[in-house]
């Protein structure tokens, strides 16, 4: 059940909401400062009192990679967590090192790309992060099955956890306003034909063969120079799927290692370019 509302108790403002725990840091002797992403207020930094104490009842409900119902108490200098009850601790993730790594990367990315107390669009980001954690939690790499025939490569790749994280990155960038243009040339605006195209990191999308005057050496340029990268037809198709398909479909993809490498490099370099671009 979803809920997010604020009530007034004399001069005390209390908010009940759902939150995904992103990280926590030490704060004073027995307290911790916890960063959460809530369904209605976005990212918040909250103080959890007494969590370091051995008998603390809150500690298990406020661990990173955890979905909890929390009560936020607004204070004069800090906001505090009054209570917390975990809804999903994602135990399957926490019992698998590869999954922990992917989940941590996703939480850190949300922390890096979002600002505090931005309620606009918070539910979309919250749903995206929850969906990613849900599918990562239930998915086993030996269970990868493709119900539809695919021409995206020849050799199946069974462990899709890291690829799934890069799809999460692509989706997160998209909902935050950085969705790459994958259907029309960012220069001439004409529809892209699947032949000799480039991905422009600065312009955030594809450049058609007619508009590109780059040499073949440009495909190995680092993101610090933000030069366009050569992109294959299959990689364009995978990126389009990454933006438009849900995680349940994306986890079924069987693509070869070469295409996985190309796809993840495009997404990673695009992400770095956005981070390094001046505001």
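Since every read-out is calculated from the coordinates, none of them should be taken as a lab result. For clarity, every value in this text was computed on a predicted model and none was experimentally measured. Here Cβ is always computed from backbone atoms with ideal geometry, including for glycine, and neighbour counts include all displayed protein chains.
Debye calculation, C-alpha points only, no solvent: report log10 I(q)/I(0) for the stretch 66-139 at q = 0.19, 0.20, 0.23, 0.26 Å⁻¹, in the same order as the q values.
At q = 0.19, 0.20, 0.23, 0.26 Å⁻¹ the computed log10 ratios are -0.95, -1.02, -1.19, -1.27.
At 0.36 nm per residue, minus the direct Cα-Cα distance, what do residue 232 and residue 134 gain on full extension? Give it in nm, one decimal, please.
Result for the pair: 32.2 nm of gain on full extension.
For the stretch 5-91, give the share of DSSP beta bridges that are antiparallel, in percent and rounded to the nearest 5; count only bridges with both residues there. Can you show the working numbers first?
Details: 36 of 37 bridges.
Of the beta bridges lying entirely in the stretch 5-91, close to 95 percent run antiparallel.
How many angstrom lie between the C-alpha centres of the stretch 98-138 and the stretch 186-205?
29
Efficiency by 1/(1 + (r/R0)^6): what FRET value for residue 176 and residue 29, r their Cβ-Cβ distance, R0 = 25 Å, to the nearest 0.05? Display every interim value, and only then the final one.
On the way: r = 37 Å, r/R0 = 1.49.
According to the calculation, E is roughly 0.10.
Would you mind ranking 272, 129 so that the residue whose beta carbon has the fewest other beta carbons within 10 Å leads the list?
Final ranking by Cβ density, sparse to dense: 272, 129.
Which order do the peptides 60-69, 108-117, 192-201, 164-173 come out in when sorted by mean C-beta neighbours inside 10 angstrom, highest first?
Highest-to-lowest ranking by the protection proxy: 164-173, 60-69, 192-201, 108-117.
Using a basic spin-label model with each label point 7 Å from the Cα along Cα→Cβ, how many nm lie between residue 272 and residue 13?
Here the modelled spin labels are 4.2 nm apart.
Which ordering of 127, 137 is given by a fewest-first count of other beta-carbon atoms within 10 Å?
With the sparsest Cβ surroundings first, the list reads 127, 137.
May I ask you to compute the full-extension gain from residue 187 to residue 116, defined as 0.36 nm times their residue separation minus their alpha-carbon distance, rounded to one decimal in nm?
22.1 nm
Arrange 89, 102 by Cβ neighbour counts within 10 Å, fewest through most, would you?
Numbers: 89 17, 102 22.
Going from least to most buried by this count: 89, 102.
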